[in-house]
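Data block below; observations after.
The values are calculated or read from the model by the stated rules, or taken from the named source; none is laboratory data. The model shown is predicted, which means the values in this text are computed figures rather than measured ones. Positions of Cβ are backbone-derived with ideal geometry, glycine not excepted, and every protein chain shown enters the neighbour counts. When the accessible area is computed, the model is the full protein with side chains, heavy atoms only, and any ligands, DNA or RNA have been set aside. Shrake-Rupley method; radii C 1.70, N 1.55, O 1.52, S 1.80 Å.
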Amino acid sequence: MRWLLTALAVTLATVAAASAHGPEDGGTGYVSTVSGLRPNVVGVFVTVLGGDDRLQLTNYSGALVEVLADIGLLRPRWLTIAPGRSRAWHEHRIHWEGEQPPPAVQRDPAHDHRIVSWRVPARADGKPFVIKGFLGYRPGVSAHRASRPPAWGIALLATGLAVAAAAAGLGARRVRRRAP
């Protein structure tokens, strides 16, 4: 029983820590998604970090990968990612830069919208490919929220694990008591 109370305390602490990372509502609502590489480069994985802020490329291809990144300087520049390495950078092409929301969001801010498709040129050992994706809008979703599970989900998982562990412990006790 003491173990179950300890597990419950840990669960509650987990929920408090997860909730402390920021509000559950508000934020920009913009979420960028990588839809693929054209042509595909086996072993190259690209993800969006921060909802719509940065791209991260992980290179397990064995090839030297270069990305023509728009990192906010006067012009884009080639970033090099060696085999077995990963690199993240701020990419202006994957988020909304306008002063005002896009027209579709202005007309109907309560619904989801696909805002724009984007492309980031790259090459693997000199052979060109493109990182493709799109920027969407989802009302009430912040970039921070898009990149982590909700606090209630963490709490539910932790509680389920605690109950399962407690049940397994009680079952083991019963088996020991019945043994001759």
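Some observations on this one:
- Per-residue SASA remark: residue 108, around 50 Å² accessible (1.4 Å probe; ligands, DNA and RNA not included).
- Computed from the C-beta positions of residue 45 and residue 106, the FRET efficiency with R₀ = 30 Å rounds to 0.30.
- Placing a pseudo-label 7 Å from each Cα along the Cα-to-Cβ vector at residue 87 and residue 117 gives an inter-label distance of 2.7 nm.
- ³J(HN,Hα) computed for each position of the range 78-92 - Karplus, 6.51 cos²θ - 1.76 cosθ + 1.60, integer Hz, glycine/proline x: 7, 9, 9, 10, 6, x, x, 10, 9, 8, 10, 8, 6, 10, 5
- Length added when fully stretched, residue 132-residue 80, from 0.36 nm per residue minus Cα-Cα: 16.9 nm
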